[in-house]
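> Take a look at the following structure, please.
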Amino acid sequence: LEKFKIGLVVGHTKLLPVAHGCSPLNQYEYHYNSELAKIVSGVLISNGSECRIFLRDLLTLRETYYEVNKYQPKVVVELHFNAANEKARGTETLYGDQNPRSGELAKCVHDQLCLSLMRDAKLNRGIKLLGERDRGYSNVNLAKCPSILTEPFFGDQKDDAKLAIEKKEDIANAIANGILEFLLGG
Ligand SMILES: [Zn+2]
């Protein structure tokens, strides 16, 4: 069995951890996703894959993805969560057009996330192909492999913040399973 190399990028930095989750999450994206990355990595490794976690601290985005590309992963997933002034909730998964198979990876991971969080049609916000003017466009277009960005929930919305805590293991499993499904299916 081929040993797949998988890259995980933790969104944002310690100095600028960005979106803050409300109670009961009470965590910034960077901190939540640093922990999530370790769980995802554990699941992938226990399934026979290789995995490396990349932090963006003290690096530009371009430098981060230069490091990712040096590792030569089969896929890369950048971990985030959403925020919209408590006005929205749901799951979305973003991808770029730099690699023709990014959409397929997005769909595999997104479907697993929606399943694990039991998202109905309204809270399943779908996979989104980013255009050059969209925030996150560079994040999903700098890797030389299929590349996506996950936004499993809105951290500043109380019901989603609750899911973020209660379903943390499930979210991690969903991301790992989606990646493996993509790699084994293709
Ligand atoms: Zn973010």
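The values are calculated or read from the model by the stated rules, or taken from the named source; none is laboratory data. Source: prediction; values computed, not measured. Quick reminder, even Gly has a Cβ in these numbers, built from the backbone with ideal geometry, and neighbours come from all protein chains shown.
> For the structure I just gave you, tell me whether Leu183 is in a helix (DSSP H, G or I), over 14 Å from the mean Cα position of the chain (by Cα) and either within 21 Å of Ser41 (Cβ to Cβ) or at pLDDT below 95 (or both).
Working: in a helix (DSSP H, G or I): yes; over 14 Å from the mean Cα position of the chain (by Cα): yes; either within 21 Å of Ser41 (Cβ to Cβ) or at pLDDT below 95 (or both): yes.
Taking the combined requirement at face value, the residue satisfies it.
> Report yes if Leu94 is of a type outside the set (Asp, Glu) and part of a strand (DSSP E or B), otherwise no. Full working, then the answer.
Values: of a type outside the set (Asp, Glu): yes; part of a strand (DSSP E or B): yes.
For Leu94, the condition - of a type outside the set (Asp, Glu) and part of a strand (DSSP E or B) - is met.
> Another question about this same structure. Could you check the range 1-41 and list, in sequence order, the residues that are surrounded by fewer than 19 Cβ atoms within 10 Å (Cβ to Cβ), in contact (Cβ under 8 Å) with a residue 60 or more places away in the chain and outside any loop (DSSP other than H, G, I, E, B)?
Listed by number, the residues that qualify are Lys5, His20, Glu35, Ile39.
> Now for a separate question. Of a type in the set (Lys, Arg), loosely packed, with under 14 Cβ neighbours inside 10 Å and more than 17 Å from Val10 (Cβ to Cβ): does that describe Lys87?
Numbers: of a type in the set (Lys, Arg): yes; loosely packed, with under 14 Cβ neighbours inside 10 Å: yes; more than 17 Å from Val10 (Cβ to Cβ): yes.
Considered against the rule, which asks whether it is of a type in the set (Lys, Arg), loosely packed, with under 14 Cβ neighbours inside 10 Å and more than 17 Å from Val10 (Cβ to Cβ), Lys87 comes out as yes.
> Can you tell me which residue within the range 62-89, out of those that are basic (Lys, Arg) and in a helix (DSSP H, G or I), is nearest to the ligand (Cβ to nearest atom)?
Applying the first criterion (basic (Lys, Arg)) to the range 62-89 yields 62, 70, 74, 87, 89.
When the remaining residues are screened for being in a helix (DSSP H, G or I), the result is 62, 70.
Values: Arg62: 17, Lys70: 24 Å.
This residue is Arg62.
> Report the residue count in the range 148-167 for those that are more than 13 Å from the ligand (Cβ to nearest atom), more than 11 Å from Leu25 (Cβ to Cβ) and crowded, with 24+ Cβ neighbours inside 10 Å.
Of the residues in the range 148-167, 1 are more than 13 Å from the ligand (Cβ to nearest atom), more than 11 Å from Leu25 (Cβ to Cβ) and crowded, with 24+ Cβ neighbours inside 10 Å.
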